Amino acid sequence: MSAWFLLLAAHAALADTPAPAPPPAEAELPPLVVEPTLLEFVQAPYPAAATAERREGSVRLLIEIDEAGLVTRVEVLEAAGFGFDEAAVEAARAFRFTPAQDATGPVPVAIEFAYGFVLDSARVEGATPDAAAAAEPGEAPITLEGTIVEMGTRRPMADHLLRIDSLNLETQTDAEGRWSFRGLPPGSYTVRAVHPGYDTLDKTVEVVAGSVTSARLWVRNQSYADPGILGSYRRETDDVTRRTISMDEARRIPGTFGDPIRVVQNLPGAARAPLGSGLLIIRGSNPEDSRVYVDGMFIPYIYHLGGFESVINPDLVQSVDYLPGGYGPHYGRSTGGTVDATTRTSFPERNELRWSTDALDSGGVWLGSLGKEHEHGVGVAARASYIDLLLPAFLADDGFSVVPRWWDFQAKYQYQGKRPDKFSVLAFGFRDSLLVSTPTGYAQGTDADTQGDIATEYSTYRVGATWDRAWGNHWSARVAPSFGTDEAALDVGNSFRLIQTKYTAEVRGEVRYEHDEHLAVVSGIDAIFGWADFAIELPFNPASFAEIDPLAEREPYTLSGTATGWGPDPWLRATWKPLADPDKLALNGGVRLMYVILPDENEVLAADPRFSFRWQAAEKTALKGSTGLYHQPPQPFQSYRPDDKPAAVGAEQSWSSSVGVEQGIGPAVKVELEGFYKDLTDLIVSNSNFGSLDDSYFVNTGVGRAYGMELIVRHEPVGNFFGWVSYTLSRSERQDRPGEDWYLFDYDQTHILTAVGSYKLPYDLSIGAKVQYTTGNPSTPYSLGVYDVDQDTYSAFPTGAYNSERLPPFWAVSARFDKLFTFKAWQLLLYVDLINALHGENPEFEQYNYDYTEKTYFKGLPFIPSPGFEAKVEF
Amino acid sequence: MLIIQILSACDSASMAESWQIDRLRVLAVAATPAEPRPGDVVTFDALILSPAKALGGSAWFVCSAEASSDYGCEIDPALLGSGDPEDMDLEALQAAGFIGYLPAIPPAWIVPDDFLDALPEADRLEGTFAMTYITAFPELTEGQELAEDDVEIAYKRVPVSLATTPNHNPVVAGWKVDGFEIEDGATVRLDRGQAYTVECVLAEDAVETYTFRNESGEEEERTEEPYLSWYLQEGTFDQTNTLHPFDSVVYFAPDDPTLDAQAIWVVVRDRRGGMGWATLNLTFSESEP
């Protein structure tokens, strides 16, 4: 009898770190881009006690692996007794892995590993595989040979164990997946292939005298899905609240269309966006107060038309960091939150071709690497919508037409060789357009200038490079220049036309000095330079009498020109870990200078000191907090004055503070509770005293406050389940001018509850559900208005203060079902998203009738079944 | 969002449409002359419908553009008292801009001679406007209280200028139903439950050409672009407004056998303050199989 192993689970072990190593802060860490793989398995002797009682068992281990792939510590998570535990621990200590890597390089990780012991009655007691192999007739001719290939990917399987139990023979595959047996007598044999993480395969083959029998064995991986992050013991300490979701989680959350960037809307602090538009409403901030980056490049839009899908193909997204507040000085020019999407930094050695299609669009991606050592990683993706072809089936043939279209592309190069320099280039772009046409003779309102088609389009193109280099043990640097254009156009009828083309050049650079593990200083620059060509055509001058008198004669108004602006924004950050154990306490301090210059129009200068701390109070308990200033420059149009003189509009300011606690519960559950307060000043509002061309349209008289509490209880993707419950209790208020009443922020939502869960079932099935409940947005009550006879419209009387009432609450239950089919050469994932499966009522806006005597609700989220598929082939 | 909007269930169809006359409504107000000069006497007429209760009356005020707001003239409702002219303080009313009370006092306003004096000389050709403010009441029986929703308040601008080509109110010459000309004042018999194309025929001079002096001081010849608003009590239209030269709507006659007589009203606005209207009287019969 001998022992052999079974790997029951070796992925996604996000267990807590036992002493002496500090517990991990998984959710704060950048995700792994290369997972550790087992290079050297060590077979444990079958314990004598277990042999005597003919016991089998499995020991669940937590294995800590260092940056070199060596095992530093093994802990028994689930004991099996009978000597199995000691044997498994001893054997696992000698395992060797390939190092795990995140974007910065090799990192220590922990994985969960099930070491199995199974009695083998066919084996002679006391024999070992090596002994059995030694008994093979080594010089005899090969009579049976073949290869082992992974189903779905056709990847040759190295180090796979093969056995012929009837002859007590076994062998292993070589690096190319080849195997052979020599000197087998003619007859029928059952070849068994065994490997951790793969289904055991039995295949019967016939050996014929005088010939070599060949067989290709297809083995099935037990977990094909991208495991995503494994978790890491390293901890980013400068951003107090950084929540990272693995790609596998992101793809399985109902209602997100498999888009990882949409997942942030299910996390604490993010309010529900109206009509599923994808607007980022974070901690009581306006959507335009939060910024979205792709590999550090700021982009104006992150979603395609309708807000269903982001503009970056999910297969090229490596991670999405969501920072609702308290972030360090390396992010700026915003008073709200930040979403930073990072594209892949690691590409597979073998080529992968993926194709996905859902109800809205279809696209493909190629991932692979070039070079002798696969040192040049490449990914190319493209996608286009076809919803415009489907819409006519849902619309009446009455002369109206709605034609939404979009496409996007991405191309990424990543140097992934052994040189110390890391270099990458990302180019991407997208274009969206919408055309709404009405039948001839149909009146769109009564304004002669708004008749005709409505068309809008916007597009963005970016190309950016990143270069990383380290010198010695102390110094490292990063430079990331980028360049791009943004175009936007709007046509309403024949008289309204807005066109803008913006060119943006950005340079992000930083130099990092790491004195030791207790002190690090980073100095950086976040420079941006932009210029824009714009043209505006209106049926009348917005500053003319025609704006207030509908009977006044209109004169077409055009405005065109070029605007420029730039800002260097240097920043400095220091991290000090004063205790002997550097992971116990981290203090972060930094400052960012925001300087925005719009020549001849405006200059804005502000200094943003920021501070944060994280104290690991106990093994599974951490306290954290932050406070700091955040400034946001005026939008370019807010700096415009009709008389072309410099505008007196300054930056908006937020003094943002937070304090929170993290508590680990068991190996998979983590609770985070965080309170925040934001004091908003110098908010830009319209100038109520605007009366002549000598005035600014906007002034900084607004103030506001947002405060609340965020809670997330998260079950990490351990085993077959992951999920979280997210709850935000908040209030956000504004006052536009001194002495005026305070009012609720337009998207203020007192309660925001989201529960997400997904479970992997047998047969590559998975099922997920999401439950959402949010307080309705504020609304203003109106009653019967006064009739404007000249315009045939009613001016409503507000019967209450602005935003003094609320819409009914929103709730929705969504579900998702996935089924993965694995064929020999490819894989196919079929899924269906059932959005708002229980047909919840979802009022988005109040809709009054013509004279404000009746009211109903515009319901925004109907039941939407959204099927789709993803196909993947490796070659 | 777009698809959601398309698939979304919206209950707006259950709400009253603007073309549906189911309560006291002021539909149109015409000043004559449509674009007076200082010193002119301006008289007013209005299309006011009150299907549920008989029309009691309407009070008329005028104020300057500077004294008006998004809700017309700032008139203290207490000035109108119970709506009974005998209860009103005429002096206080006149001080507030009172110009008439229908049916007892036809509204009339004499444009002050100095009405344009505040404007630069060059701007007087285009002029400015006065705001007319109308409050319409239903007839109240003895002891009946006036409810807030019973009152219709409307306002209308009256352009005042020294224009060389002053505006006139557009005139509706007649109707066409499914292409057949209908004489003004005639009653049309329609089949219940059937759809008809109803066209408003404008008088030949309804669409005026006029001179406009632009910001550069140059004179431009412009042509009016009127639009039509359609109203009824029973039945439906395919659209609420039409823009000239599309002067017709599809009218879906009611199939209620208890309805015998109905009417369609159309109001023409020339966008310069000029306004005209017409009524098409209808009777219904059962449609032939």
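The values are calculated or read from the model by the stated rules, or taken from the named source; none is laboratory data. Note that the coordinates shown come from a computational prediction; the quantities given were computed from them, not determined experimentally. Using ideal geometry, Cβ is built from the backbone for each residue, glycine included, and neighbour counts are taken over all protein chains shown.
At-a-glance table
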| item | result |
| --- | --- |
| Qualifying residue in segment A:728-740 (condition: out of contact with any helix residue (DSSP H, G or I) (no Cβ under 7 Å at 6 or more places or on another chain) and either closer than 30 Å to A:Thr446 by Cα or aromatic (Phe, Trp, Tyr) (or both)) | no |
| Meets criteria (touching a Ser or Thr at 6+ places or on another chain (Cβ under 6 Å), assigned to a strand (DSSP E or B) and either without any contact (Cβ under 8 Å) to a residue 24 or more places away in the chain or not acidic (Asp, Glu) (or both)) for A:Gly530 | yes |
| Residue check for A:Lys824: within 29 Å of the chain's Cα centre (by Cα) and of a type in the set (D, E, K, R) | no |
| Meets criteria (of a type in the set (Phe, Trp, Tyr), outside any strand (DSSP E or B), in contact (Cβ under 8 Å) with a residue 24 or more places away in the chain and away from chain A (no Cβ under 14 Å)) for B:Phe115 | yes |
| Single residue of segment B:235-267 satisfying the filter (away from chain A (no Cβ under 14 Å) and assigned to a strand (DSSP E or B)) that is surrounded by the fewest Cβ atoms within 10 Å (Cβ to Cβ) | B:Ala261 |
| Enumerated strands (runs of 3 or more DSSP E) restricted to segment A:68-112, each holding at least 1 residues that are touching a residue at least 24 places away in the same chain (Cβ under 8 Å), under 28 Å from the mean Cα position of the chain (by Cα) and crowded, with 18+ Cβ neighbours inside 10 Å | A:100-102, A:105-107 |
| Residue check for B:Asp260: farther than 16 Å from B:Ala173 by Cα, more than 25 Å from the chain's Cα centre (by Cα) and not small (Gly, Ala, Ser) | yes |
| Answer residue from segment B:120-133, given it is in contact with a Leu (Cβ under 9 Å, 6 or more places away or on another chain) and facing another protein chain (nearest Cβ under 10 Å) and is nearest to A:Ser795 (Cα to Cα) among those | B:Phe129 |
| Spans of strands (runs of 3 or more DSSP E) in segment B:149-230 with at least 1 residues over 30 Å from B:Pro120 (Cα atoms) | B:152-160, B:172-177, B:180-182, B:187-191, B:195-202 |
| Residue that is surrounded by the fewest Cβ atoms within 10 Å (Cβ to Cβ) [pool: residues in segment A:745-795 that are part of a loop (DSSP other than H, G, I, E, B) and polar (S, T, N, Q)] | A:Thr780 |
| Selection from segment A:413-440 of residues that are assigned to a strand (DSSP E or B), within 11 Å of chain B (Cβ to nearest Cβ) and more than 29 Å from the chain's Cα centre (by Cα) | A:Val436 |
| Residue within segment A:367-382 that is under 22 Å from A:Asp295 (Cα atoms) and either in contact with a Lys or Arg (Cβ under 6 Å, 6 or more places away or on another chain) or in a loop (DSSP other than H, G, I, E, B) (or both) present | yes |
| First in segment A:263-281 and more than 15 Å from A:Phe810 (Cβ to Cβ), second anywhere and among the polar types (S, T, N, Q), Cβ under 6 Å, 6 or more apart | A:Val263/A:Thr256; A:Leu267/A:Ser726; A:Pro268/A:Ser726; A:Pro268/A:Thr728; A:Gly269/A:Thr728; A:Leu280/A:Ser290 |
| Qualifying strands (runs of 3 or more DSSP E) (wholly inside segment A:161-272; at least 2 residues being modelled with pLDDT under 85 and under 40 Å from the mean Cα position of the chain (by Cα)) | A:213-219 |
| Residue check, B:Ala28 within 11 Å of chain A (Cβ to nearest Cβ), more than 16 Å from B:Pro103 (Cα to Cα), within 19 Å of the chain's Cα centre (by Cα) and in a strand (DSSP E or B) | yes |
| Single unsatisfied condition, A:Ser277 versus (1) more than 14 Å from every other protein chain (Cβ to nearest Cβ); (2) touching a helix residue (DSSP H, G or I) at 6+ places or on another chain (Cβ under 6 Å) | (1) |
| Filtered residues of segment B:58-77 (kept if touching an Asp or Glu at 6+ places or on another chain (Cβ under 9 Å) and buried (at least 19 other Cβ atoms within 10 Å of the Cβ)) | B:Ser58, B:Cys63, B:Ser68, B:Gly72 |
| In segment A:357-412, residue surrounded by the fewest Cβ atoms within 10 Å (Cβ to Cβ) [restricted to those that are acidic (Asp, Glu) and within 14 Å of another protein chain (Cβ to nearest Cβ)] | A:Asp398 |
| Positions within segment B:268-286 being part of a strand (DSSP E or B), in contact (Cβ under 8 Å) with a residue 60 or more places away in the chain and either touching a helix residue (DSSP H, G or I) at 6+ places or on another chain (Cβ under 7 Å) or more than 13 Å from every other protein chain (Cβ to nearest Cβ) (or both), in sequence order | B:Ala278, B:Leu280, B:Asn281, B:Leu282, B:Thr283, B:Phe284, B:Ser285 |
| Meets criteria (outside any helix (DSSP H, G or I), more than 14 Å from chain B (Cβ to nearest Cβ), within 22 Å of A:Gly628 (Cα to Cα) and in contact (Cβ under 8 Å) with a residue 40 or more places away in the chain) for A:Gly284 | yes |
| Meets criteria (farther than 28 Å from A:Val703 by Cα and modelled with pLDDT of 85 or more) for A:Arg573 | yes |
| Test for B:Ile134: is it in contact with a Phe, Trp or Tyr (Cβ under 7 Å, 6 or more places away or on another chain), part of a loop (DSSP other than H, G, I, E, B), touching a residue at least 60 places away in the same chain (Cβ under 8 Å) and not small (Gly, Ala, Ser) | no |
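A quick yes/no check of all residues on (1) away from chain A (no Cβ under 14 Å); (2) in contact with a helix residue (DSSP H, G or I) (Cβ under 6 Å, 6 or more places away or on another chain); (3) closer than 23 Å to B:Gly39 by Cβ:
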{"position": "B:Lys156", "(1), (2), (3)": "no, no, yes"}
{"position": "B:Pro170", "(1), (2), (3)": "no, no, no"}
{"position": "B:Gly174", "(1), (2), (3)": "yes, no, no"}
{"position": "B:Arg189", "(1), (2), (3)": "yes, no, no"}
{"position": "B:Gln194", "(1), (2), (3)": "yes, no, no"}
